[in-house]
Amino acid sequence: MHKSIILTKEAPAPIGPYNQAIKATGSFLFTAGQVPIDPHGGQVVQGDIKTQTRLVMKNLQAILEKAGCSFENVVKTTVFLKDMNEFAGMNEVYAEFFKSDPPARSTVEVARLPRDVRVEIEAIALVNE
């Protein structure tokens, strides 16, 4: 078993002791949770849940592409919301990225997220080798 670190400048750099994703040879890609940070400026993008979710999904997309995957390869996501009342807005944007056969998903409300963002999403994808 071999693992490769996946890092791209098209998604925010890790702000702690973790990587954007780990590609496990022959099987899976595990991403770190992505928050709405602009990868080019390093700042949290302010805005409503839809704005923040859209950037999170674009950050995930960049990581998936760097690993040779796409949203079609994703088999599981976990969504962390600061406020479950914003589920519908998050879900609307999320659906734009998973047009057919969406992955399994868990969504949980949490007390606080890094940098006080509204949403964080992590993914597990099958890797084409």
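The values are calculated or read from the model by the stated rules, or taken from the named source; none is laboratory data. What you are looking at is a predicted structure, and each value in this text was computed from that prediction instead of being measured. Methodologically, a virtual Cβ is constructed for each residue, glycine included, from the backbone with ideal geometry; neighbour enumeration extends over all protein chains shown.
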| query | Considering only residues of segment 23-38 that are over 11 Å from Ala123 (Cα atoms) and surrounded by 16 or more Cβ atoms within 10 Å (Cβ to Cβ), which is nearest to the chain's Cα centre (by Cα)? | reply | Val35
| Residue, surrounded by the most Cβ atoms within 10 Å (Cβ to Cβ), within segment 110-129, restricted to residues that are touching a helix residue (DSSP H, G or I) at 6+ places or on another chain (Cβ under 9 Å), assigned to a strand (DSSP E or B) and of a type in the set (A, V, I, L, M) | Val119
| field | Filter result (more than 15 Å from the chain's Cα centre (by Cα) and not acidic (Asp, Glu)) within segment 77-96 | value | Lys82, Met84, Asn85, Phe87, Ala88, Gly89
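Would you mind finding the one in Gln61, Gln43 that is among the polar types (S, T, N, Q) and either surrounded by 15 or more Cβ atoms within 10 Å (Cβ to Cβ) or under 13 Å from the mean Cα position of the chain (by Cα) (or both)?
Within the list Gln61, Gln43, the selection yields Gln61.
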| said: Looking only at segment 71-90, filter to residues that are surrounded by fewer than 18 Cβ atoms within 10 Å (Cβ to Cβ) and modelled with pLDDT under 95; which one of those is farthest from Ile121 (Cα to Cα)? | reply: Glu72
| said: Can you tell me which residue is nearest to Glu122 (Cα to Cα) among those in segment 1-22 that are surrounded by fewer than 17 Cβ atoms within 10 Å (Cβ to Cβ) and among the hydroxyl-bearing types (Ser, Thr, Tyr)? | reply: Tyr18
| Residue pairs meeting the criteria (Cβ under 6 Å; at least 6 apart or on separate chains; first closer than 14 Å to Leu81 by Cβ, in segment 31-53; second of a type outside the set (Ser, Thr, Tyr) and exposed (fewer than 15 other Cβ atoms within 10 Å of the Cβ)) | Val35/Pro114
| query | Filtering segment 94-109 down to residues that are under 20 Å from Thr51 (Cβ atoms) and assigned to a strand (DSSP E or B), which residue is modelled with the lowest pLDDT? | reply | Thr107
| remark: Checked pairs for segment 92-108, first surrounded by 11 or more Cβ atoms within 10 Å (Cβ to Cβ), second among the aliphatic types (A, V, I, L, M) and not in a strand (DSSP E or B), C-beta under 7 Å and 6 or more apart or across chains, list as Val93/Met57; Tyr94/Met57; Phe97/Met57
| query | Within segment 78-92, which residues are small (Gly, Ala, Ser) and touching a Lys or Arg at 6+ places or on another chain (Cβ under 8 Å)? | reply | Gly89
